[in-house]
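Before any comments, here is the structure.
Just so it is clear, none of the values below were taken in a lab; they were calculated from the coordinates. The structure displayed is predicted, hence computed values, not measured ones. Cβ placement follows ideal geometry from the backbone for every residue including glycine, while neighbour counts extend to all protein chains displayed.
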Amino acid sequence: MAGNRSFKDYVADRFYNEIFAAIQSYTTDNYDDLDLRLYRVRNIGGIELSDIEVKFVSVNDLPGMKIEFDVVVETELEVRESDYHYDESENCRQWFMLTCSGDLACNLDDFTISSVTEYTSKNKQPKPMSDSLVPIIHKEQLESVATDFLRRHYPEALKTPMAIEPQVLAEKMGLTVEMREITKDFSVFGQLYFHDCDAVFYDEDSDEMVQTHVDARTIIVDPKAFFLRNLGSVNNTIVHECVHWDQHRKAFELERLYNSSVTRIKCQVVGGIKDNSRDATDWMEWQANALTPKIQMPLAMFKTQAFKYIKQFRTELGTSELIDVMEPVIDALATFFCVSRTAAKIRMIDAGYEEAIGTFTYIDGRYVKPHRFKKGALERNQTFSISAEDAAIQSITNPEMAALVGDGSYVYVDSHFVLNHPKYLTQDIFGQTVLTDYARTHMEECCLAFNLSVKSGCKERYYTECFLNRDKTSNIDFDIKYCNGFEHATPEKKAKILADTLAEETRIYNELPNSYTSSLKIVREWKNVTYKELAERILINERTIRRIVNGEEPGSINSIILICLGLHLPPNISSHIIRNSPFSLNFNNDSHIWYNFALTHLYPKSMDEIRAFLQEHGADPL
């Protein structure tokens with residue numbers, strides 16, 4: 001599935017005549033009331049519509065396969081003078097907004113335009129969708145989207161703690177689940193068929209690919225998932241495909257409007273969608289991955305069950321320390337909800353039990369004892385645990401850290417760098433240096449923290465949910481940075497760590513010309529970010545960004561700040577660009593003070609984190 005079709009382009013192309021006619025009749029009927037910028041014509045005698053261009057479409061998701069959408073159009077009008085003494089006519093441009101609706105179940109054949117108005121400002125849609133018709137869901141909304149999904153399809157799971165039976169869920173949604181081998185190498189774990197088709201599957205007996213008919217609304221799960229992984233992952237696969245059906249049919253139907261032969265979504269083992277690295281598809285995978293555990297373990301019910309197990313194991317193990325019962329509690333929850341241990345662990349953290357972060361950690365193939373730290377001491381992408389290889393490389397190549405570790409003040413013990421003091425380190429009966437119980441429960445006092453960033457071309461946002469999976473089944477390769485203000489060092493080669501990053505930034509900085517547009521071109525290429533990626537990150541239309549970078553329109557202080565943040569530019573480079581632009585930050589304005597803080601201290605973070613930070617501190621949204 002190509003996954004990056006444009007609904008705007010489709011509407012502009014297919015409904016051009018209807019849109020043209022609607023605007024033409026609107027201008028003819030209302031030309032007295034139009035707010036046109038005219039210079040020569042005094043009284044309008046007539047209006048001709050000569051050209052239209054669809055600027056953007058803003059979509060609202062409706063139940064079923066229906067959608068409503070505002071189409072914003074720039075028109076070119078030819079206006080004639082009514083007073084025959086002046087034989088004047090002139091051309092002017094005007095933007096209009098058409099309110100439209102249609103049903104994708106019938107390929108939008110029922111397209112209707114319900115109103116035409118002059119465009120004043122963008123309508124905030126209650127349930128917005130992207131131009132590829134993927135629902136726009138922010139991280140903070142995931143819980144409520146998951147709850148809404150259950151309310152519609154499996155309401156009993158919101159009333160009392162229970163495991164969701166994926167087969168039952170699928171049936172309730174009118175879907176059929178079939179177990180059959182999909183590929184020989186288990187590279188695809190699940191497929192969802194939106195339409196009838198003939199598909200090819202691996203057949204073990206003949207050891208070849210065989211063609212078979214598949215009905216619409218079928219989920220195929222490869223039974224190898226049982227053996228290679230666990231029941232949790234089979235359940236997860238089925239729920240994952242149900243989420244695609246519920247949330248992504250519209251994106252899929254848009255794809256079919258362009259290409260009627262597509263029939264399915266394929267979900268790959270590593271995550272991401274097979275044969276594709278396009279953005280809309282990534283978003284759909286990210287949404288399905290993020291929503292599935294929240295649906296399998298609805299938060300309120302999960303907390304109820306967790307509380308029950310905590311009480312039970314405290315009594316059984318005769319301990320009041322939460323950290324001592326955390327691992328059995330997580331295992332019991334995983335069994336109860338039929339999910340993987342990792343999924344249950346992450347859900348415990350969602351539920352506010354930060355003690356779960358220090359559980360079930362495997363580093364260098366060895367198990368790291370459960371540990372905990374003060375609430376809020378670690379960001380989601382930080383850890384106190386680091387492998388020996390990373391530790392060695394860090395202590396050589398990272399000058400800040402080399403200074404700390406070089407004089408023996410920190411010792412690497414049980415995958416942590418621990419302050420060398422008897423309060424934190426002791427010897428066990430075998431004479432091995434180990435963490436004291438006090439150290440294990442107060443990591444923030446005695447351990448160095450490290451920032452994790454994912455290597456291996458994974459999309460940044462896709463794996464944010466996996467940072468806590470440092471367990472033995474996680475096959476994500478982490479790059480680790482000792483965090484002391486150098487979090488932004490790019491995860492290139494491990495050996496070329498800090499010094500190189502700073503040297504590289506200095507080199508780029510020294511190359512920047514005084515033209516801010518040329519500087520923007522250079523840094524965009526340096527960061528290797530496409531206009532499309534940047535547009536998705538900072539939520540500014542791709543064409544607008546191109547026009548700003550090419551100097552065809554000046555933009556605004558906000559758009560320049562957004563571009564700098566979206567490219568994760570270091571502070572000296574951002575300030576060079578702003579200094580040479582027609583705009584400047586105004587420090588009498590509180591919002592600008594926070595923008596400056598973000599440019600200086602938050603630039604390595606994702607746009608979601610920066611937006612949340614600005615919102616939290618009352619700055620105007622960028």
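Fewest to most neighbouring Cβ within 10 Å: what's the order for 447, 197?
Numbers: 447 25, 197 16.
Least to most surrounded, the residues fall as 197, 447.
Go through 155-165, 368-378 and give me the packing order, highest mean Cβ count within 10 Å leading. Intermediate values should be presented prior to the final figure.
Working: 155-165: 14.5, 368-378: 17.5.
By packing density, highest mean first, the sequence is 368-378, 155-165.
With respect to the cross-link table entries 311/369; 311/375; 294/532; 124/374; 66/122, which display a Cα-Cα separation exceeding 32 Å?
124/374
Between region 236-254 and region 542-600, what is the separation of their alpha carbon centroids in Å?
38 Å
Which whole-Hz ³J(HN,Hα) couplings does region 133-146 yield from phi under the Karplus relation 6.51 cos²θ - 1.76 cosθ + 1.60, θ = phi - 60°, glycine and proline marked x?
Along region 133-146, the couplings run 6, 9, x, 8, 10, 8, 3, 5, 8, 4, 4, 6, 5, 5 Hz.
Rank-order 556-569, 86-99, 240-253 by packing density, defined as the average count of other C-beta atoms within 10 Å over each peptide's residues, highest first. The partial results should precede the final answer.
Values: 556-569: 21.4, 86-99: 15.9, 240-253: 23.4.
Peptide ranking by packing, descending: 240-253, 556-569, 86-99.
At residue 187 and residue 106, where each label point lies 7 Å from the Cα along Cα→Cβ, what is the point-to-point distance in nanometres?
Inter-label distance under the simple model: 4.2 nm.
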